[in-house]
Structure formats: C-alpha cells, structure tokens
1. Would you kindly calculate the translational diffusion coefficient of segment 12-57, applying Stokes-Einstein with the Kirkwood radius from alpha carbon pairs, for 10 °C and a viscosity of 1.306 mPa s, and quote it in µm² s⁻¹ without decimals?
2. Where the accessible area of segment 14-57 is counted over protein heavy atoms with a 1.4 Å probe, how much of it, in %, is carbon and sulfur?
3. I'd like the accessible area for E7, computed on protein heavy atoms only with a 1.4 Å probe and all protein chains in place. Round to 10 Å², please.
4. With a point put 7 Å past each Cα toward its Cβ, work out how far Q13 is from N25 in nm, to one decimal.
5. In percent, what relative contact order does the chain have, based on Cα pairs under 8 Å that are 6 or more apart in sequence?
6. Go ahead and estimate [θ] at 222 nm for the chain from helices alone: -39,500 (n - 2.57) per DSSP H run with n ≥ 4, summed, over the residue count, rounded to 500.
7. In what sequence, largest accessible area first, do R28, R5, R33 appear using a 1.4 Å probe?
8. Just to be sure I understand: with springs between alpha-carbon atoms less than 10 Å apart, which residue in S27, S45, S11 has the highest mean-square fluctuation in the Gaussian network model of the chain?
Amino acid sequence: MQEIRIEKNISQQDLAAKCNFEKSNMSRLETGRANATLSTLEIVSKALEVDVIELFK
C-alpha cells in the first residue's frame, strides 16, 4: 500500500482524505498495526486506482 502510494506521489494525508479515513488510521494500515477489512482494502484500492490484488504484492 505504501509503495503504491509513494509511486503515485500521493501523501499519506491525501490518501487518508480520499478514503475518508483519519491519517492515524492510514498510518496503522500501512505499517501493519491495524488489520484491514475487505471493504477497507476496496476503498484504498479505488483511491489508489489499482486492483485490490495489487495491495498484496
């Protein structure tokens, strides 16, 4: 997730805003300190404009 976000030149704050998440929640998702639900992964993948499977690579 973090690699894709950086490749697309999107700040963590901007991605959090696109997903309607708090920045702290986005940080926990990226670092693996929070477990993401499938619906959360779908929201993030849409915001990053990638397929959900790309988040697992």
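The values are calculated or read from the model by the stated rules, or taken from the named source; none is laboratory data. None of the values given here were measured: they were computed from a predicted structure. FYI the Cβ positions are ideal-geometry reconstructions off the backbone, even for glycines, and counts take in every protein chain you see. These area figures cover heavy atoms from the full protein model, side chains too; ligands, DNA and RNA do not enter into them. Shrake-Rupley method; radii C 1.70, N 1.55, O 1.52, S 1.80 Å.
1. Answer, rounded: 151 µm²/s.
2. 47
3. Probe radius 1.4 Å; accessible area of E7 about 150 Å².
4. Computed distance between label sites Q13 and N25 equals 1.9 nm.
5. 35
6. It lands at -16500 deg cm²/dmol.
7. Highest to lowest solvent-accessible surface, that is R33, R28, R5.
8. S11
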